[in-house]
Amino acid sequence: MVCRGLMLELHRAGHIRLPAKKRCVRNPLIDRKKPPKLTIDQSPIDAKLSKIKPLKFCQVRRTVSERLFNSLIEHYHYLRYCHPVGEQLKYIIYFQQRPIACLAWSSAPRHIGCRDRFIGWSAQSRKNHIHLLAYNTRFLILPWVHIKSCASHILGRMAKVVSKDWQRIYNHPIYYLETFVDKERFAGTCYKAANWIYLGDTTGRGKNDHTYKPNRSIKAVWGYPLSGNFRALLSAGAG
């Protein structure tokens, strides 16, 4: 699909000429059904953080609970569910037997200006080591959960959990976490409280923009190194 998309862009720009299309093949992703809404207990959880610890972190991708994760994101996260590609992990965080939060992680975007400057890697190092980063694509605290400092506590625990799971499932480490925060909606307070680092803002243009004009909301870029020598690991001889 990536190669096909590139060839179509080159054709439309006049750089190459593709032969006439022989037949139309319907994209099966167009007909992909949205996750259904599942019935769960929505009674309010209003408590102090000390009263609900320890929380249980469950990696649910390719498990029977993945369907619940997809449903919760689709119906309670403002961005809804989007089927990810590449390396990815999905987590449901439980208080006793009740889900209270969801987090999704995937392969990192190939280029973010302020992140690349913060790491200080070359274009070749970025190409070689981009798989050693993980991108937090979704973070949801369910709307009936009212626990002060819960979000930052989950992020702090998550940094340790996701690193171990990535190594176990994909057979390579990750040294750095990152996310975008929509500045029109959020201030990034929970990431700041969890010691994430604000690096700057996106350009608002998207990865395929050719107009050099903003066409979407500006996102704050937050990062979290998982190792004290992350720059050396990402710039030199890391696997």
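Listed values, structure above:
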{"quantity": "Lysines whose Cα lies under 27 Å from that of residue 22, excluding same-chain neighbours fewer than 8 positions away", "calculated": "none"}
{"quantity": "Full-extension gain in nm, residue 18 to residue 66, via 0.36 nm per residue minus C-alpha separation", "calculated": "13.2 nm"}
{"quantity": "Over 24 Å between alpha carbons, listed pairs 33/90; 56/219; 90/164", "calculated": "56/219"}
{"quantity": "Per DSSP, loop chymotrypsin sites (Phe, Trp or Tyr not before Pro) in segment 59-145 with at most 10 further Cβ within 10 Å", "calculated": "78"}
{"quantity": "Ranked list, fewest to most other Cβ atoms within 10 Å of each Cβ, for 115, 61", "calculated": "61, 115"}
{"quantity": "Cα gyration tensor, segment 1-155 - rounded (a/c under 1.5), prolate or oblate", "calculated": "oblate"}
{"quantity": "Mean residue ellipticity (222 nm) of the chain, computed from DSSP H runs ≥ 4 via -39,500 (n - 2.57), nearest 500", "calculated": "-8500 deg cm²/dmol"}
{"quantity": "Label point distance in nm, residue 201-residue 41, each placed 7 Å from Cα along Cα→Cβ", "calculated": "4.3 nm"}
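Here, each number is a calculation from the coordinates, and none is a lab measurement. This is a predicted model, so every value here is computed, not measured. Glycine gets a Cβ as well: all are built from the backbone with ideal geometry, and neighbour counts include every protein chain shown.
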